[in-house]
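> If you scroll down you'll find the structure; I have some questions about it.
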Ligand SMILES: Cc1cc2nc3c(=O)[nH]c(=O)nc-3n(C[C@H](O)[C@H](O)[C@H](O)COP(=O)(O)OP(=O)(O)OC[C@H]3O[C@@H](n4cnc5c(N)ncnc54)[C@H](O)[C@@H]3O)c2cc1C
């Protein structure tokens, strides 16, 4: 049972459903969320979406090489496209819709208006309580219920870190005519900034700007009128009217994470486990990648094929990534703030290669076996060498290919023999086992270490 139908919960649900695991998704909101919110899918998440079968839909709604148009004191100073081809700009709403549609093909439908309010854990199950008085039993409960997670609170887990009261932002979705929809418009001056980002296939623009404050220093909640005032002040454009605010929100910087992501049969993923500045656009991406790490492990354990200790490797692998993400996004925010008032620079400083997620590895993990060639166990396998929900076994050289067949034959419903094997830098014979999340498990000269690895993993 998954609590929360944001990107994290939906990716997890889809990954479980395509493996034939019975899954329910509870969502407190009575209907799908409408705000654009997370607007970037970086390369690693795009790969994951493709493997989950939503690649074409995501490509249809996303903009690659999104162009930025930068203004200083109202004057156009430069254009750029700092993220290039591999990052897609889109709405989180669109991502969620694509995932829900794909989930429906497995017969799973999000239960809107279903709020989790409590649960109790027994040795073999979790009993979940809903706001409407219903209860439901499940083998595992995963809290994907966002930064203010009820599941985290009920587990009594501390959310360690800080909230920067002084750094806040208001955001929303509006419509406006008279601006070129090819560009994310970024107006900066010595007093602040106003940003308008368009989304393909919609008439909406996402607003991001600083809030207004009352004389006694309290933040004024965002409204169409406050957006208009900010727009006129920073963009210095007259005669353009913002209208139809379909989403209004405020946001302040929180840098926090849990110290554990699993308590017995209850686990946390996504914003419920870590929150950080939006610089780098990593929140939705990190949640998707948490779910991707957890899905195959949970499926093996829930179906009785692997021992429950496999679930401990989820936090072993993802907690250090959460900590790394908190640091990277804080560092990118500082860099962007330092450059914000340098005409023509600003948000370009956020686009560093690390945000792609392609370099994330689990070399330290207890699941990382031995390795050969240029890649280490725990590294992400080269693009195209693994696909689908099973383990992939690859063979290099004649005896490596014989070893590959031996491994695939020994575990026909858990391991598939793969074909492509570029980028491993292996000379001579070898057998490589790739995990279902496409990280390298083990590479050896013959099949025995691979068979041993699998025997230890599977019951
Ligand atoms: C303006 C803005 C820009 C952003 N830009 C980016 C970006 O460019 N890239 C990026 O990666 N991220 C970005 N983010 C962050 C991103 O939106 C979040 O990190 C992301 O939503 C986290 O996904 P999640 O599924 O973990 O949680 P959420 O999306 O918060 O989903 C949690 C869900 O759980 C539900 N829920 C809560 N409590 C309960 C309960 N008790 N029972 C049942 N359901 C419950 C909620 O209704 C919600 O639908 C941005 C955010 C904002 C606000």
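The values are calculated or read from the model by the stated rules, or taken from the named source; none is laboratory data. These numbers come from a predicted model, not from an experiment. We place every Cβ from the backbone using ideal geometry, glycine too, and count neighbours over all the protein chains shown.
> Please work out which residue is nearest to the ligand (Cβ to nearest atom), limiting yourself to segment 101-151 and to residues that are in a helix (DSSP H, G or I) and in contact with a strand residue (DSSP E or B) (Cβ under 9 Å, 6 or more places away or on another chain).
Filtering first and then ranking leaves 150.
> Anything in segment 187-204 that is at pLDDT 95 or above and part of a strand (DSSP E or B)? List them, or say none.
Scanning segment 187-204 gives 187, 194, 195, 196, 197, 198.
> Go through segment 11-34 and give me each residue that's touching a strand residue (DSSP E or B) at 6+ places or on another chain (Cβ under 7 Å), modelled with pLDDT of 95 or more and within 13 Å of the ligand (Cβ to nearest atom).
Once the filter is applied, which keeps residues that are touching a strand residue (DSSP E or B) at 6+ places or on another chain (Cβ under 7 Å), modelled with pLDDT of 95 or more and within 13 Å of the ligand (Cβ to nearest atom), segment 11-34 yields 12, 13, 24, 25, 26, 27, 29, 30, 31.
Per-residue answers, yes or no, for (1) more than 11 Å from the ligand (Cβ to nearest atom); (2) more than 19 Å from the chain's Cα centre (by Cα):
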{"residue": "247", "(1), (2)": "no, yes"}
{"residue": "260", "(1), (2)": "yes, no"}
{"residue": "264", "(1), (2)": "yes, yes"}
{"residue": "270", "(1), (2)": "no, no"}
{"residue": "279", "(1), (2)": "no, no"}
{"residue": "282", "(1), (2)": "no, no"}
{"residue": "298", "(1), (2)": "yes, no"}
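> Of the residues that make up segment 375-384, is at least one under 25 Å from residue 270 (Cβ atoms), surrounded by fewer than 20 Cβ atoms within 10 Å (Cβ to Cβ), assigned by TED's automatic domain parsing to the domain that holds residue 445 and out of contact with any strand residue (DSSP E or B) (no Cβ under 8 Å at 6 or more places or on another chain)?
yes
> In this structure, is residue 302 surrounded by fewer than 21 Cβ atoms within 10 Å (Cβ to Cβ) and either in contact with a helix residue (DSSP H, G or I) (Cβ under 9 Å, 6 or more places away or on another chain) or closer than 17 Å to residue 41 by Cα (or both)?
Considered against the rule, which asks whether it is surrounded by fewer than 21 Cβ atoms within 10 Å (Cβ to Cβ) and either in contact with a helix residue (DSSP H, G or I) (Cβ under 9 Å, 6 or more places away or on another chain) or closer than 17 Å to residue 41 by Cα (or both), residue 302 comes out as yes.
> Restricting the search to segment 37-91, which residues are part of a helix (DSSP H, G or I) and more than 13 Å from the ligand (Cβ to nearest atom)?
47, 50, 51, 55, 56, 57, 58, 59, 60, 61 - these are the residues of segment 37-91 that are part of a helix (DSSP H, G or I) and more than 13 Å from the ligand (Cβ to nearest atom).
> Additional query: Regarding residue 346, is this residue over 20 Å from residue 260 (Cα atoms) and surrounded by 19 or more Cβ atoms within 10 Å (Cβ to Cβ)?
yes
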